[in-house]
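Take a look at the structure below.
Coordinate-derived values only; no laboratory data. This structure is a prediction, so every number in the text was calculated from the model and none was measured. Every residue, glycine as well, gets a Cβ built from its backbone with ideal geometry; the counts of neighbours run over all protein chains shown.
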Amino acid sequence: MITFAALKKTEHQVNMEPKYIQKIAEKLSLSVQQVTNVSNLQAEGATIPFMARYRKEATGNLDEVAIGNIVEEIDYFTDLNKRKETVLKTIEDLGKLTPELKKRIDDCYSATELEDIYLPYKPKRKTKATQAIEKGLEPLAKALFEQGSINPEEAAAAYIKEEVKDVKEALQGARDIIAEWVSEHEQARTKIRQLFAESATLTSKVYTPKKDEEEAQKYRDYFEFSQPLATIPSHRLLAIRRGEKEGYLLMDISIDKQLAVESLEEIFVKASNAAAAEVKKAIEDSYNRLLKSSIENEARLQSKAKADEEAINVFTENLRQLLLSSPLGSKRVLALDPGYRTGCKVVCLDAQGNLLYNTAIYPHPPQNQWTESIAEIKCLVSKYDIEAIAVGNGTAGRESETLVRSINFGKHVSIFQVNESGASIYSASEVAREEFPDHDITVRGAISIGRRLLDPLSELVKIDPKSIGVGQYQHDVNQTKLKQGLDRVVESAVNFVGVDVNTASKHLLQYVSGISSTLANNIVQYRAQNGPFKSRAELKKVPMMGPKSFEQCAGFLRIPGAENPLDNSSVHPESYALVAQMAKDVQASLEELIKRAELRKQINKRKYISETTGEFTIEDILKELEKPGRDPRQPIEEFKFDETIKSIEDVKVGMQVPGIVTNITAFGAFVDIGVKQDGLVHVSQLSNKFVSDPNEVVKLQQKVIVTVTEVDVARKRIGLSMKDGSKGAERQPAQRQQGERKLLGKKPEALNPFQSKLMELKKKFND
């Protein structure tokens, strides 16, 4: 696999031109120096996580999002420059490249503007205009276009010949030529484009022959639909486009025709004579036949790109939150993949997620071996010293959870329901076959559920993000951009948390900054042949671990138990000498400096500032020395669904029930309340206050109390509310994980009763 970072490295071997740097800085409201430094670092092979964490002085303390925005702009101008080269060569080959035209192209910063400049010179297939030109009608078109005092019919009569039968055909050909000139005119295209941006309306209607088909009914909200294009939400646009693609809807984007034609006439009509009348006819034809469809296609593409971006942002934010879900940590786990007829697959894992034992139990119909299953689980918990149980939330999940909770283990065993979305994808994957070649997909699926509880990040990186179930129209958006966005999020999350190099799989390692799939495999092989890494320095012995790769990855790799405690921290090896000097200056060992806060308070930060090390780096080092190697993710909390509801038939309007947020979209949040169908908290029901972004209120995997507002058993739909008036509005603070940017630094809210109970359970578990 080529990671996002590795991809970027290959694309940019040279720095950006200063004129593009200036434009990027202006657009993003950054300094030229910041953009220049990011561009230079990228050209040198630096990844986004590395720049954000270890080159803060160069970037001006920009976070990953800001650096990513710069990278995207660099990509844009890189592609634009390549396109300029093609355009210039094509026009030059035609012998039409003038110094003025070359300068216009060189000074162009917009892909749309560049294509408008290029359009008159672009090789064309046969059009009405080219056919008319072949018949020798271009001089007539020019004469009419000048709108002088000529008689069009008389002028056209001079062009009657074998190819042109009569005056009518001559005038039509001349108008065809003029129409094409109008459609290729930069100002005209800009004007119509502006009108589409300001006033375009999107309409959809049902394709009548399919109106009554069952599949068409999911689009019935759009059978007669109209909304300004500028205000239509991304999910609505993507839904309409999907309906159009499937043949159930007809979609149109249009503006007021009269306004469009009048706007064009203001540009081209210079007189009020007979020639001008011909030009007016050509203008109307140009709009109807050429311009409207061309700019409408642009509007379609632009609105789709905008909707894609919003949907991808929703997906990536959900994925980020899921990847940074609370880990159980190093505990011995029994994982149960529930089922009815085929039974429940059970696996026992050690604290590192290695498989110890697997079997199957059959507590549910038709076998109904309830008592035997209880005895088996109780025996396994005792035999393998199990500390926690993970129950998949799929088919028979609630029934299996009830089974497990009914057992008296004679000790505290934490019980968690685990979202198993994607587990079946993993179980049938090449990765799973490679990890467990001697076990079938049912065993692999149970292992994935257990490992997801231990460390969601380590396990989820093995699964295609599109299969995890946290996206919105993920199959309808631009797949290249989606993959880039998802890869970037995965890479960001992995590097934010850090990776234990002695336990990490090659699938996890390849997302670490500077590590390719080949290098990840080499690390695992070296570890297998030589035993665990004893220091970060030992990584240099791995084949293909060059100086640049080591620079990029070392700070994100952890070695617990290393002789140098900094090897288990986010302090980069390039700063080890600096930390040693700090310890020496306060007359302490490195270990003492880490353990004693009073020693760290004695350090004068400004003393260690140099040309290569700034205040940002020093502050990061001191923060890390407070808690080296600590997992930045929030500790896990036990959770229990309402035991009185097992299916949608048990759910009644007015109930207040606990739930877990499973997906967040632009229009609300989906919450699992312990039945097979997630309920929807519409964005209007998330808070008594107006909510523009559901992520401001809820987070993925957040535990909430919701009130049931609607139950439709037939359609399997549940409406939920978190409003205060619904008695279900109290909720956990929506504070982001440390390192995420929007809500960073906000003070936590007071715990509600539900949270307090969870904290009690958590304390009991930790004790």
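From most to least packed by mean Cβ count within 10 Å, the peptides 285-296, 207-218 give 285-296, 207-218.
What FRET efficiency, computed as 1/(1 + (r/R0)^6) with R0 = 41 Å and r the Cβ-Cβ distance, is obtained for Asp75 and Thr613, rounded to the nearest 0.05?
Working: r = 31 Å, r/R0 = 0.75.
Here the calculated transfer efficiency is 0.85.
Roughly speaking, what is the centre-to-centre gap between region 440-470 and region 611-677 when only Cα atoms are used, to the nearest Å? Using only Cα atoms, the two centres lie 17 Å from each other.
Counting each DSSP H run of 4 or more residues in the chain as -39500 (n - 2.57), what helix-only mean residue ellipticity at 222 nm follows after dividing by all residues, to the nearest 500 deg cm²/dmol?
Numbers: 32 runs with 355 residues, N = 767.
Result for the chain: -14000 deg cm²/dmol, rounded to the nearest 500.
Residues whose amide H comes within less than 5 Å of that of Val711, counting only those at least five positions distant or on another chain, are Gly719 (H built at 1.01 Å from N in the peptide plane). Taking region 202-239 and a reference point 7 angstrom along Cα→Cβ of Arg717, the backbone N atoms nearer than 13 Å belong to 217-222. Model label points for Lys245 and Ser110, set 7 angstrom from Cα along the Cα-to-Cβ axis, are 2.9 nm apart.
Please give the contour-minus-distance gain from Ser535 to Gln131: 0.36 nm per residue of separation, less the Cα-Cα distance, rounded to one decimal in nm.
Working: separation 404, 0.36 × 404 = 145.44 nm, distance 7.50 nm.
Length gained, Ser535 through Gln131: 137.9 nm.
Shape summary of region 621-701, radius of gyration then Dmax from alpha carbon positions: 17.1, 56 Å. Here's the list of lysines a cross-link from Lys605 could span, going by alpha-carbon distance under 30 Å and ignoring same-chain residues fewer than 8 apart: Lys56, Lys548, Lys584, Lys595, Lys623, Lys627, Lys742, Lys746, Lys747. Dividing the convex hull volume of the alpha carbon atoms of region 525-626 by its residue count gives 98 Å³ per residue.
Relative contact order of the chain, taken over Cα pairs closer than 8 Å and 6 or more residues apart, is 9 percent. Using alpha carbon centroids, what distance separates region 81-116 and region 311-388, in Å? Using only Cα atoms, the two centres lie 61 Å from each other. Given a Förster distance of 51 Å, report the FRET efficiency between Lys689 and Ala274 from their Cβ-Cβ distance, rounded to the nearest 0.05. According to the calculation, E is roughly 0.20.
Run the numbers for Leu356 and Lys281: contour at 0.36 nm per residue of separation, minus the present Cα-Cα distance, in nm. Intermediate results must be reported in sequence, preceding the final value.
On the way: separation 75, 0.36 × 75 = 27.00 nm, distance 8.17 nm.
Working it through step by step, the gained length comes to 18.8 nm.
Annotation: amide H-H contacts under 5 Å for Gly629 (H modelled 1.01 Å from N, sequence separation of 5 or more, or interchain): Ser570. Measuring r between the beta carbons of Glu262 and Thr90 and using R0 = 35 Å, the FRET efficiency lands at 0.50.
In the P(r) worked out for the chain, what percent of Cα pairs fall beyond 40 Å?
Values: 143291 of 293761 pairs.
For the chain, the fraction of Cα-Cα distances above 40 Å is 49 percent.
The HN-Hα couplings worked out from phi for region 595-607 by the Karplus form 6.51 cos²θ - 1.76 cosθ + 1.60 (θ = phi - 60°) are 6, 10, 5, 5, 5, 5, 5, 6, 6, 8, 4, 5, 4 Hz, whole numbers, x standing for Gly and Pro.
Label sites at Asn368 and Lys142, each approximated as a point 7 angstrom past Cα along Cα to Cβ, lie 9.6 nm apart. In terms of the mean number of neighbouring beta-carbon atoms within 10 Å, the peptides 152-159, 525-532 order highest first as 152-159, 525-532.
Which peptide among 302-309, 330-337, 652-659, 694-701 comes first, and what is the full order, when sorted by highest mean count of other Cβ atoms within 10 Å?
Values: 302-309: 17.6, 330-337: 24.5, 652-659: 16.1, 694-701: 21.8.
Ranking, from highest mean packing down: 330-337, 694-701, 302-309, 652-659.
With Cα atoms defining each centre, region 680-698 and region 240-296 are spaced 41 Å apart in the structure. One decimal place: the segment Lys211-Gln656 gains 156.3 nm when fully extended, by the rule 0.36 nm per residue minus the C-alpha distance.
Nearest 5 percent is fine: what portion of the DSSP beta bridges confined to region 333-454 is antiparallel?
On the way: 11 of 20 bridges.
Among the beta bridges of region 333-454, antiparallel pairing accounts for roughly 55 percent.
Modelled label positions at Asp642 and Ala157, each set 7 Å beyond Cα in the direction of Cβ, lie 9.0 nm from each other.
Please report the antiparallel percentage of DSSP beta bridges with both residues in the chain, rounded to the nearest 5. If we restrict to bridges inside the chain, about 75 percent are antiparallel.
For the residue pairs Lys257/Lys481; Lys331/Lys462; Lys306/Lys506, the alpha carbons lie more than 26 Å apart in Lys257/Lys481; Lys306/Lys506. Between Ile415 and Ile389, the built amide H atoms are under 5 Å apart, and every one of these is 5 or more places off in sequence or on another chain.
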